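Heads up: the structure comes next, in structure tokens.
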Amino acid sequence: MKDMKNINGAQGAYMGKASSGRATILALGKAFPPQLVPQDYLVDGYFKDTSCDDLDLKQKLTRLCKTTTVKTRYVVMSEEILKKYPELAMEGQATIKQRLEICNKAVTDMAIEASQAAIKNWGRPVSDITHLVYVSSSEARLPGGDLFLAKGLGLSPHTQRLMLYFMGCSGGVAGLRVAKDLAENNPGSRVLLVTSETTIIGYKPPSANRPYDLVGVALFGDGAGAMLIGTDPVFGIERPLFELHTATQKFIPNTQNIIDGRLSEEGISFTIARDLPQIIEDNIENFCEAFLQTLGLQEKEYNKMFWAVHPGGPAILSRLEKRLELLPEKLTASRRALMDYGNASSNTIVYVLEYMVEESLKKKMGGGETEEWGLILAFGPGISFEGILTRNLAVGA
């Protein structure tokens, strides 16, 4: 790959070394609920738990489970929860109170565990955290989950907190964009970014009147993710993984109904239009153009970059791969995250980045090369595109 250290917005960047004043991801962490669900067992379990005997719907879900490429997922829902709240598996029941009772505790517990994992990997005491950014589309309360997370971690009462609610699948990258700005505008700060999600907020029995529900059952999973972000890593203690450069958000006009979520007495209901993958494909090149220019790359030189993409689903990844003419290995980390965890909404980008680090180190040990520059991408309601031009510091670690 061509040397990009002196091109446009990338001045002063040297392989494996963080640039002064630039935000870096210093550590990653993740957590999951105890229930691991193999995709092969999901259909029978779901129809048994909801006492549904509709053979047509069961066959449709079986087909969907095969096309999602998901192999395993973690979920908060359990036999114990359904025994305590059998109304969650019944049609038309006012269950928002029960759902939030479960979700609020579950997302906090997972968020604490993921944060503790990231803090352990970071290597500095929790008292050094100055800012907290909390992301979730799975809870609703006042005060918000950020306060309960701060309390659970023992953060200082002076920690500056911020919540991002109901941003869906783009929430993790949106939170990273915000954390980047906080870190760079507050020298010496250390920002803890945490995402936590559970599908219980939208769990429902199968219904022919809600065909999209089956897509969600086949695709989505639960969990939490965490990152530590800061500038000017402390030598010998902090080990920067990625350096964050240009961050951009864009919404596509007149697409606000393509991803639609409504909170009601029965929980949250989602609908996603069939043309979502096509809309992403039609707009991805225009969105990425400025990033290419920053690196001094020519049109269509996408394979000279790495790609950390939120895996919204196999169709989105395939459309993006086709339009950008990416080599198959470019989306390996995204496909692995989808296969192992499903689409875990805002969390999933953390799992993708973990796989990116793993693959980079494996290539380095084998004498191979990994692209230094690339993009972190996600797509969410709006339709909103989130992108961050990023340096992979693990290649020079």
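The values are calculated or read from the model by the stated rules, or taken from the named source; none is laboratory data. As the structure is a prediction and not an experimental result, all values here were calculated from the model. Using ideal geometry, Cβ is built from the backbone for each residue, glycine included, and neighbour counts are taken over all protein chains shown. Note: areas computed on protein heavy atoms with side chains; ligands, DNA, RNA excluded. Shrake-Rupley method; radii C 1.70, N 1.55, O 1.52, S 1.80 Å.
What the table below lists for this structure:
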read-out: Cα long-axis angle, helix 314-324 against the chain (0 to 90 degrees, to the nearest 10); value: 30 degrees
read-out: Highest average packing first - 98-110, 171-183, 326-338, 119-131, Cβ atoms within 10 Å; value: 171-183, 98-110, 326-338, 119-131
read-out: Protection-proxy order for peptides 198-210, 353-365, each taking the mean of Cβ atoms within 10 Å per residue, highest first; value: 198-210, 353-365
read-out: Sequence-distant residues sharing a close amide H with His245 (under 5 Å, placed H); value: Leu389, Thr390, Arg391
read-out: Accessible surface, segment 27-231, averaged per residue in Å² (probe 1.4 Å); value: 43 Å²
read-out: Value of [θ]222 nm, deg cm²/dmol, for the chain, DSSP H segments ≥ 4, -39500 (n - 2.57) each, nearest 500; value: -12000 deg cm²/dmol
read-out: Bridge type composition, the chain - antiparallel percent by DSSP, nearest 5; value: 75 percent
read-out: Solvent-accessible area of Ser137 with every protein chain in place, 1.4 Å probe, in Å² to the nearest 10; value: 10 Å²
read-out: Label of the coordinate-derived value, Rg and Dmax of the Cα atoms in Å, listed as [x] 20.2, 68; [y] 20.7, 64; [z] 22.0, 73; value: [y]
read-out: Links that overshoot a 29 Å alpha carbon limit, given the list Lys71/Lys204; Lys17/Lys362; Lys97/Lys151; Lys120/Lys364; Lys60/Lys363; Lys30/Lys58; value: Lys60/Lys363; Lys30/Lys58
read-out: Segment 95-205 - percent relative contact order, Cα under 8 Å, separation 6 or more; value: 39 percent
read-out: Choice from Leu82, Leu377, Leu64 with maximal GNM fluctuation in the chain (Cα, 10 Å cutoff); value: Leu82
read-out: Simple label model, 7 Å out from Cα along Cβ direction - Glu285 to Glu325, nm; value: 0.9 nm
read-out: Using alpha-carbon coordinates, inclination of helix 332-341 to the longest axis of the chain, degrees; value: 30 degrees
read-out: Top positive-direction residue, dipole computed over the chain with Cβ charges, set Leu64, Pro314, Leu389; value: Leu389
read-out: Beta bridges per DSSP with both ends in segment 242-392, % antiparallel, nearest 5; value: 85 percent
read-out: Protein accessible area in the chain, 1.4 Å probe - carbon and sulfur %; value: 54 percent
